[in-house]
Amino acid sequence: MTDASAKRLDIRLPASLMAERHGDVAILRLKRPQKRNALDDETIIGIETFFTSLPDGIGAVLLHGEGEHFSAGLDLSELQERDIKQGIAHSGLWHRAFEKIQFGKAPVVAVLHGAVVGGGLELAAAAHVRVAERTAYYALPEGSRGIYVGGGGSVRLPRLIGVARMMDMMLTGRTYSAEEGQAMGLTTYLVEPGAGFAKGLELAKRIAGNTPLTNFAIMQALPRIAEMDPSAGYAVEALMSSIAQAGGDRSGRLHFRRA
Ligand code: 1HE
């Protein structure tokens with residue numbers, strides 16, 4: 001479901017993607033439902049273009065997929081025999097694009113439904129907040145297809161669900177349900193079928209209402225601090241906290257209000 005009051009965002013994208021603007025929230029829709037939103041090179045480059053071209057004033061992004069599935073992952077019809085050099089370049093293309101999501105200009109809320117598999121799960125893992133509809137399910141068919149994740153999955157997924165679960169998914173082809181994904185921390189919101197877009201938009205609007213410096217600290221500093229040794233982490237946290245306090249537009253925000 002999309003929001004009728006959304007306006008077209010003027011970013012040149014392939015036909016497999018659609019960008020809209022809803023106030024200070026940008027919406028990126030995977031729009032290739034006839035191929036279950038499989039991710040071909042053009043789409044991956046389009047995702048990178050979208051996240052590097054966000055206009056000023058966008059405070060959050062909502063990412064979702066048209067049709068019955070979020071994404072069937074890598075476009076298997078493009079999977080030709082690549083030599084090692086080409087394979088590394090292809091993976092690098094995905095890494096660059098997804099890095100622009102994770103460490104881009106604004107926090108990203110992903111709404112997941114139906115198949116969220118392979119590269120689709122890697123894409124979802126690059127977002128900052130994940131909302132699952134009860135139809136969502138997760139798998140990494142790469143293991144059974146004689147390939148390997150290439151969109152940053154080995155880096156991001158173990159941090160979300162642990163190495164053991166990811167190994168199991170890849171080795172045995174195990175599929176996790178939306179409820180299981182929620183219980184293991186892959187998603188942090190679980191909603192009824194069809195309710196994901198509205199929930200995601202509500203969250204994205206709320207995020208866009210935070211001060212830009214605080215959102216910067218949360219998306220850029222927090223994950224890096226979490227990777228640091230604690231003594232360096234405390235120092236960076238103290239700096240980030242003082243910068244956010246000194247530079248943010250906090251007018252009225254330090255008065256207690258119910259969340
Ligand atoms: C596709 C793809 C695709 C569907 N690439 N064309 N990903 C996978 O191993 C998942 C493969 N897809 C599926 O398991 C199923 O399609 C779904 C469970 C997602 C959906 O099933 P269903 O019954 O709704 O659709 P379908 O009939 O299987 O597919 C409809 C069309 O979408 C059909 O094309 P058509 O021209 O015959 O109509 C399919 O060929 C097409 N389609 N999925 C290309 N993935 C950076 S490395 C990442 C590595 C990976 O992501 S590996 C995991 C790949």
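Observations, loosely collected:
- Selection within the stretch 189-206 - of a type outside the set (Lys, Arg) and under 20 Å from Gly59 (Cα atoms): Gly196, Phe197, Ala198, Gly200, Leu201, Glu202, Leu203, Ala204
- For the stretch 68-78, the condition of being more than 8 Å from the ligand (Cβ to nearest atom), within 14 Å of the chain's Cα centre (by Cα) and within 27 Å of Thr211 (Cα to Cα) holds for none of the residues.
- Residue that is nearest to the ligand (Cβ to nearest atom) [pool: residues in the stretch 153-168 that are touching a residue at least 12 places away in the same chain (Cβ under 8 Å) and in contact with a Pro (Cβ under 9 Å, 6 or more places away or on another chain)]: Met166
- Any hit, the stretch 47-57, residues being surrounded by 16 or more Cβ atoms within 10 Å (Cβ to Cβ), within 16 Å of the ligand (Cβ to nearest atom) and of a type in the set (A, V, I, L, M): yes
- Count of the stretch 126-147 residues which are in contact (Cβ under 8 Å) with a residue 40 or more places away in the chain and of a type in the set (A, V, I, L, M, F, W, C): 6
- Reported count of residues in the stretch 1-27, each being of a type in the set (D, E, K, R) and part of a loop (DSSP other than H, G, I, E, B), is 4.
- All of (1) over 20 Å from Thr49 (Cβ atoms); (2) within 14 Å of the ligand (Cβ to nearest atom); (3) at pLDDT 95 or above; (4) surrounded by 18 or more Cβ atoms within 10 Å (Cβ to Cβ) hold for Thr175 with one exception: (4).
- Tally of residues being among the small types (Gly, Ala, Ser) and part of a loop (DSSP other than H, G, I, E, B) across the stretch 115-170: 9
- Filtering the stretch 28-70 to residues that are part of a strand (DSSP E or B) and touching a residue at least 40 places away in the same chain (Cβ under 8 Å) leaves Leu30, Leu39, Ala60, Val61, Leu62, Leu63, His64, Gly65.
- Residue within the stretch 55-62 that is of a type in the set (D, E, K, R), modelled with pLDDT under 95 and either more than 28 Å from Asp168 (Cβ to Cβ) or more than 10 Å from the chain's Cα centre (by Cα) (or both) present: yes
- Options Leu74, Leu79: the member that is of a type outside the set (D, E, K, R), closer than 19 Å to Val149 by Cβ and crowded, with 20+ Cβ neighbours inside 10 Å: Leu74
- The set of residues in the stretch 181-192 that are loosely packed, with under 15 Cβ neighbours inside 10 Å and under 17 Å from Phe70 (Cα atoms) comprises Thr188, Glu192.
- Of all residues in the stretch 181-195, those satisfying the criterion of being touching a residue at least 12 places away in the same chain (Cβ under 8 Å) and of a type outside the set (S, T, N, Q) are Gly181, Met184, Gly185, Leu186, Tyr189, Leu190, Val191, Glu192, Pro193, Gly194, Ala195.
The values are calculated or read from the model by the stated rules, or taken from the named source; none is laboratory data. Please read these numbers as outputs of a predicted model, since none were measured by experiment. Note: ideal-geometry Cβ built from the backbone for every residue, glycine included; neighbour counts use all protein chains shown.
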